[in-house]
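Participant: Pasting in a structure now, in structure tokens, and then I'll have a few things to ask.
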Amino acid sequence: MRGITSLASLAFTLTTSAAFAAEGKRGMPQLDVANPLITSQVVWMAIIFFALYLLLSRWGLPKVELVLKARAATIAGDLDAARAAKVLSDAARDEMMSATQKAHAAAQAQVTAAVDQAKAEAAAQAVTANARLDRQLAEAESRIAAARASAVDALREVATTATVDVVARLAGFAPDQAVINDAVGRALTARAA
Amino acid sequence: MAAEELPSIDALGQFELTTSLGAFGRSVNFTQSNTMMLIASALVLGMLYFGMRPKAVVPGRLQALAEMGYEFIYNMCSDQIGHEGRRFFPFVFTLFFFVLMGNLLGLLPYSFTYTSHIVVTFALAAAVIVLTTVVALYLHGWKFFTYFFPAGAPKMLAPLIIPVEVISYLSRPVSLSIRLFANMVAGHVMFEVFASFVVMLAAAGTLGVVGAIGPLALNVVLVGFELLVAALQAYVFAILTCIYLHDAVHLH
């Protein structure tokens, strides 16, 4: 494609050149090899081009290279620093997370321990309270039993005395004490049951 | 109206060489074309000097321009030629900017386009071809000549393939130089022709002035087009140089 366009433009140039040449003018000045300026132009160009090449390769381009290398080094250094900082921050974050977890676990353990202790204390208190209540209950029951026994004894006495009196009044003789005791005991047990 | 009173179109006079720099130029045949080469070189060197003077990590405009030029050609060399391309980078850089500046400066009024001279473009192309041949001979010795007969091609076709390859190799400097020369000449001839139309039509009266707007507008469009051509042809010259150097370094 490039070849075609350049060929077309060349053909255009050459035909225009030919047209002007036909008009009686000179052809393309570029092809006028008899002109000494054509040769000198190339010689001077060779000198200028070589000088430009030397200046660029020895002086100009190394300056650019230096700056580009310095920039690449700066960027690489900054990236390394950023990576190192990231590693540090990751480590710090991990440390913080583990510390948080540890603190969490410790707090949980303390809470559990406190709850357990409170439960144990409450249980112990309940046990002592129960024991005291049982003891008081037992004492009260024993007191009640004693009172009941004394009351029953008093009743037996009264019943025996009353029975002896009733028998003596009705029958006119003093009854056998053992029989009376036995009968009162039977009657009392029958009532109590 | 007599024919001699008509302003004639002198499309090729712009390519006429004259001496420059006064008496010095006359004595050593220093042409205006060479003056433009000096200006072009000074611009390239100035771009690098003033651009790279701040040595900033974050570049300013001119430094960015210099660095972009550097990296553009550097990447072209390393992409096209490969790792060895770095050695040819200063040459390709010089070549590209010499051609580019010549093309662009030529678009300024009253300047001269040195790339519109076939001897100039041919000298540059010859330098490229001599360099590639020398590099190929230096790197590969006599094996370089196998380049003209690709491995695996039938031996029967050797009498056909070898001349074709040799001719294609030898036509490289011709196509390289004529492509640039012809593009530059064609563009400038068209400028001159349309500009002459403007002058001739404007000289013909009121209706002519109105009619002259056409070629004038066309020339305005052409300037944009020629800017593209100027950059494109410099790029083509540089990338073909890289491709030829690739062939020289790698032999296919």
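The values are calculated or read from the model by the stated rules, or taken from the named source; none is laboratory data. Model, not experiment: these values are computed from the prediction. Note: ideal-geometry Cβ built from the backbone for every residue, glycine included; neighbour counts use all protein chains shown. Calculation scope for accessible area: heavy atoms of the full protein, side chains included, ligands and nucleic acids excluded. Shrake-Rupley method; radii C 1.70, N 1.55, O 1.52, S 1.80 Å.
Participant: Inside region B:212-252, can you point out the residues that are in contact with a Phe, Trp or Tyr (Cβ under 9 Å, 6 or more places away or on another chain) and small (Gly, Ala, Ser)?
Facilitator: Correct list: B:ALA212, B:GLY214, B:ALA234, B:ALA238, B:ALA248.
Participant: Can you find, within region B:139-152, the residue that is most open to solvent (accessible area, probe 1.4 Å) among those that are over 29 Å from B:LEU180 (Cα atoms) and in a helix (DSSP H, G or I)?
Facilitator: In this case the residue turns out to be B:TRP142.
Participant: Can you find a residue that is surrounded by fewer than 17 Cβ atoms within 10 Å (Cβ to Cβ), closer than 21 Å to B:PHE50 by Cα and modelled with pLDDT of 90 or more anywhere in region A:36-53?
Facilitator: yes
Participant: Oh, and also: Scan region B:18-28 and give yes if some residue there is open to solvent by less than 30 Å² (accessible area, probe 1.4 Å) and facing another protein chain (nearest Cβ under 8 Å), otherwise no.
Facilitator: No, region B:18-28 contains no residue that is open to solvent by less than 30 Å² (accessible area, probe 1.4 Å) and facing another protein chain (nearest Cβ under 8 Å).
Participant: Okay, moving on. Considering only region A:48-68, how many residues are more than 7 Å from chain B (Cβ to nearest Cβ) and either in contact with a Pro (Cβ under 7 Å, 6 or more places away or on another chain) or not hydrophobic (A, V, I, L, M, F, W, C) (or both)?
Facilitator: Residues flagged as more than 7 Å from chain B (Cβ to nearest Cβ) and either in contact with a Pro (Cβ under 7 Å, 6 or more places away or on another chain) or not hydrophobic (A, V, I, L, M, F, W, C) (or both) within region A:48-68 amount to 3.
Participant: Quickly run through region B:154-199 and pick out the residues that are in contact with a Ser or Thr (Cβ under 9 Å, 6 or more places away or on another chain) and more than 14 Å from chain A (Cβ to nearest Cβ).
Facilitator: B:TYR169 - this is the single residue of region B:154-199 that is in contact with a Ser or Thr (Cβ under 9 Å, 6 or more places away or on another chain) and more than 14 Å from chain A (Cβ to nearest Cβ).
Participant: Still on this structure, please answer the following. Could you list, in sequence order, all residues of region A:32-47 that are facing chain B (nearest Cβ under 7 Å), farther than 27 Å from B:PRO90 by Cβ and not β-branched (Val, Ile, Thr)?
Facilitator: A:ASN35, A:PRO36, A:LEU37
Participant: Which of the residues belonging to region B:52-97 are at the interface with chain A (Cβ under 10 Å from one of its Cβ atoms) and not in a helix (DSSP H, G or I)?
Facilitator: Correct list: B:ARG53, B:PRO54, B:LYS55, B:ALA56, B:VAL57, B:VAL58, B:PRO59.
Participant: Of all residues being of a type in the set (Val, Ile, Thr) and out of contact with any Pro (no Cβ under 9 Å at 6 or more places or on another chain) in region B:113-129, which is surrounded by the most Cβ atoms within 10 Å (Cβ to Cβ)? Just the residue, please.
Facilitator: We begin by selecting, within region B:113-129, every residue of a type in the set (Val, Ile, Thr); these are B:113, B:115, B:118-121, B:128-129.
Okay, now just the ones that are also out of contact with any Pro (no Cβ under 9 Å at 6 or more places or on another chain), so B:113, B:115, B:118-121.
On the way: B:THR113: 25, B:THR115: 31, B:ILE118: 20, B:VAL119: 20, B:VAL120: 28, B:THR121: 27.
It comes out as B:THR115.
Participant: So, in region B:179-214, how many residues would count as being open to solvent by 20 Å² or more (accessible area, probe 1.4 Å), more than 27 Å from A:LEU31 (Cβ to Cβ) and either at pLDDT 95 or above or touching a helix residue (DSSP H, G or I) at 6+ places or on another chain (Cβ under 7 Å) (or both)?
Facilitator: The number of residues fulfilling the criteria is 5.
Participant: Do we have any residue at all in region B:77-93 that's of a type in the set (A, V, I, L, M) and touching a residue at least 60 places away in the same chain (Cβ under 8 Å)? Talk me through it step by step, then tell me what you get.
Facilitator: Of region B:77-93, the ones of a type in the set (A, V, I, L, M) are B:81, B:92.
Then drop every residue that is not touching a residue at least 60 places away in the same chain (Cβ under 8 Å), which leaves B:81, B:92.
Scanning region B:77-93, I find at least one residue that is of a type in the set (A, V, I, L, M) and touching a residue at least 60 places away in the same chain (Cβ under 8 Å), so the answer is yes.
Participant: Is it the case, given these coordinates, that A:VAL152 is assigned to a helix (DSSP H, G or I), open to solvent by 90 Å² or more (accessible area, probe 1.4 Å) and of a type in the set (A, V, I, L, M, F, W, C)? Please lay out each step first, then the result.
Facilitator: Details: assigned to a helix (DSSP H, G or I): yes; open to solvent by 90 Å² or more (accessible area, probe 1.4 Å): no; of a type in the set (A, V, I, L, M, F, W, C): yes.
When the stated conditions are applied, A:VAL152 does not pass them.
Participant: State which residue is surrounded by the fewest Cβ atoms within 10 Å (Cβ to Cβ) when the search covers only region B:215-233 and only residues that are among the β-branched types (Val, Ile, Thr) and touching a residue at least 24 places away in the same chain (Cβ under 8 Å).
Facilitator: My answer is B:VAL223.
Participant: Would you say A:ALA84 is within 30 Å of B:GLU71 (Cβ to Cβ), away from chain B (no Cβ under 14 Å) and surrounded by 10 or more Cβ atoms within 10 Å (Cβ to Cβ)?
Facilitator: Numbers: within 30 Å of B:GLU71 (Cβ to Cβ): yes; away from chain B (no Cβ under 14 Å): yes; surrounded by 10 or more Cβ atoms within 10 Å (Cβ to Cβ): yes.
Against the criterion (within 30 Å of B:GLU71 (Cβ to Cβ), away from chain B (no Cβ under 14 Å) and surrounded by 10 or more Cβ atoms within 10 Å (Cβ to Cβ)), A:ALA84 qualifies.
Participant: Have a look at B:LEU100, B:LEU108 and point out the one that is under 20 Å from the mean Cα position of the chain (by Cα), more than 10 Å from chain A (Cβ to nearest Cβ) and in a helix (DSSP H, G or I).
Facilitator: Of B:LEU100, B:LEU108, the one residue that is under 20 Å from the mean Cα position of the chain (by Cα), more than 10 Å from chain A (Cβ to nearest Cβ) and in a helix (DSSP H, G or I) is B:LEU100.
Participant: If a residue must be among the β-branched types (Val, Ile, Thr) and surrounded by 12 or more Cβ atoms within 10 Å (Cβ to Cβ), how many such residues does region A:167-193 contain?
Facilitator: Total meeting the criteria: 3.
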